[in-house]
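The values are calculated or read from the model by the stated rules, or taken from the named source; none is laboratory data. Everything numeric here is computed off the predicted structure, so don't read it as measured data. Every residue, glycine as well, gets a Cβ built from its backbone with ideal geometry; the counts of neighbours run over all protein chains shown. Side chains included, ligands, DNA and RNA excluded: accessible areas come from the protein's heavy atoms. Shrake-Rupley method; radii C 1.70, N 1.55, O 1.52, S 1.80 Å.
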Amino acid sequence: MKYILIGLLLCCCQNIPRHNASLKYATEALDTIKSTTAKVIAVPDLFETAFIKGTIRHGKSATANFYGVTIGKIKIVSGHIIACDPGHIDEYGIPFTQTFPIGEFPVQLSIINVEGEESIAFSRINFSEEPVAKWEFALLKEQSPLPVGGNEKHGYSTDLGAGIFMDEAASEFLDKSNLTDLDADLYKQMDAHYRDNWKYAMYSFGAHNLAAFTSGLGDGRYATYIGFEAEGKPCRLLTDFNLIDWKK
């Protein structure tokens with residue numbers, strides 16, 4: 001981004017070109033999230049409010065405006081979900097230990113706009129409209145729980161400047177070359193949904209699909225969190241792309 005919110009926005013590797021002259025801006029209407037308010041119980045509140053149009057965060061040099069969009073519904077058939085860099089699906093396509101609801105659920109992106117330039121701040125699967133009572137790190141096998149907002153974090157690294165959500169059962173039917181080959185259909189579909197420095201795709205294969213999206217300003221290490229409702233059921237799965245230092 002040309003302007004950075006000092007004290008709010010974090011510095012990231014900007015490996016995604018800020019403008020690619022070969023890509024045409026998508027013209028389809030975005031499915032903007034219509035919610036005007038959210039019942040926020042858990043900290044950090046930004047994990048919820050960043051998906052609501054009109055949410056603002058002020059920095060010393062600029063202001064960040066947020067809005068949320070729904071890019072489609074992901075099919076969850078096993079209850080075991082993978083989040084990783086698509087280019088490393090062979091090595092890091094490992095599901096979280098938590099079991100999630102089965103069905104079709106909205107995949108939503110939080111878009112941050114700073115001085116007219118946009119990026120994806122957060123991505124999430126929204127399992128229900130119940131408010132989040134607490135957030136926890138999404139864990140892989142043999143990872144230990146960590147406090148949310150502490151100095152340490154779990155997360156996945158990216159080399160392609162992109163992330164995905166996918167059901168573990170879907171991975172068994174996926175031709176993984178469609179994720180590791182940058183000329184494959186997945187990336188053509190993402191290019192077809194190119195917006196203002198961000199893009200996405202709901203990529204279908206057989207009876208399954210996955211959600212793919214650019215990761216903030218590019219490569220980095222990104223944590224994924226589970227939001228639990230008051231009864232202890234998962235209601236969100238959210239990846240933070242490190243554009244906002246919500247710990248402050």
GNM on the chain, Cα springs under 10 Å; top mean-square fluctuation among Leu160, Leu210, Leu182 goes to Leu182
Over the chain, what relative contact order in percent results from Cα pairs under 8 Å that are six or more residues apart? 27 percent
All lysines inside 23 Å of Lys176 as judged from Cα atoms, apart from same-chain residues fewer than 8 positions distant: Lys73, Lys75, Lys141, Lys188, Lys199
Whether the range 99-160 is rounded, prolate or oblate, judged on the alpha carbon gyration tensor where a/c under 1.5 counts as rounded: oblate
With at most 11 other Cβ atoms within 10 Å, longest stretch of the chain clear of loop chymotrypsin sites (Phe, Trp or Tyr not before Pro) (DSSP): 26-172
Quick check on the range 169-248: take the gyration tensor over C-alpha atoms, sort the square-rooted eigenvalues as a ≥ b ≥ c, and tell me if it's rounded (a/c under 1.5), prolate or oblate. oblate
For a quick check, take a GNM of the chain with Cα springs below 10 Å and name the residue from Lys73, Lys199, Lys24 with the largest mean-square fluctuation. Lys24
Can you give the translational diffusion coefficient of the chain in µm²/s, computed by Stokes-Einstein from the Kirkwood radius over Cα pairs at 20 °C and 1.002 mPa s? 118 µm²/s
Sparsely packed GluC sites (Glu not before Pro) within the range 129-159, loop by DSSP, other Cβ within 10 Å at most 15: Glu129, Glu142, Glu152
What 222 nm value per residue comes from the helices of the chain, counting each DSSP H run with n ≥ 4 as -39,500 (n - 2.57) and dividing by all residues, nearest 500 deg cm²/dmol? -2000 deg cm²/dmol
Put a dot 7 Å past each Cα toward the Cβ at Ser204 and Gln98; how far apart are the dots in nm? 2.9 nm
Could you tell me how far the Cα centroid of the range 145-181 sits from the Cα centroid of the range 44-94, in Å? 12 Å
What do you get for GluC sites (Glu not before Pro) in the range 172-248 restricted to DSSP loop and a cutoff of at most 12 other Cβ within 10 Å of the site's Cβ? Glu172, Glu231
Accessible surface, the chain, averaged per residue in Å² (probe 1.4 Å): 46 Å²
Determine the gain in length on full extension of the stretch Lys247-Ser144; use 0.36 nm per residue of separation and subtract their C-alpha separation, reporting nm with one decimal. 35.0 nm
So for the range 30-95, averaging the separation of alpha carbon pairs under 8 Å that are six or more residues apart and normalising by length, what relative contact order in percent results? 27 percent
Taking Arg57, Arg195 and ranking on accessible area (1.4 Å, protein atoms only), highest first, one gets Arg57, Arg195
Carbon and sulfur: what percent of the chain's accessible surface (1.4 Å probe)? 50 percent
Residue separation times 0.36 nm, minus the C-alpha to C-alpha distance between Lys34 and Asp196: what's the value? 56.3 nm
Roughly speaking, what is the stretch gain from Ser61 to Asn151, that is 0.36 nm per residue apart minus the C-alpha to C-alpha distance, in nm to one decimal? 29.8 nm
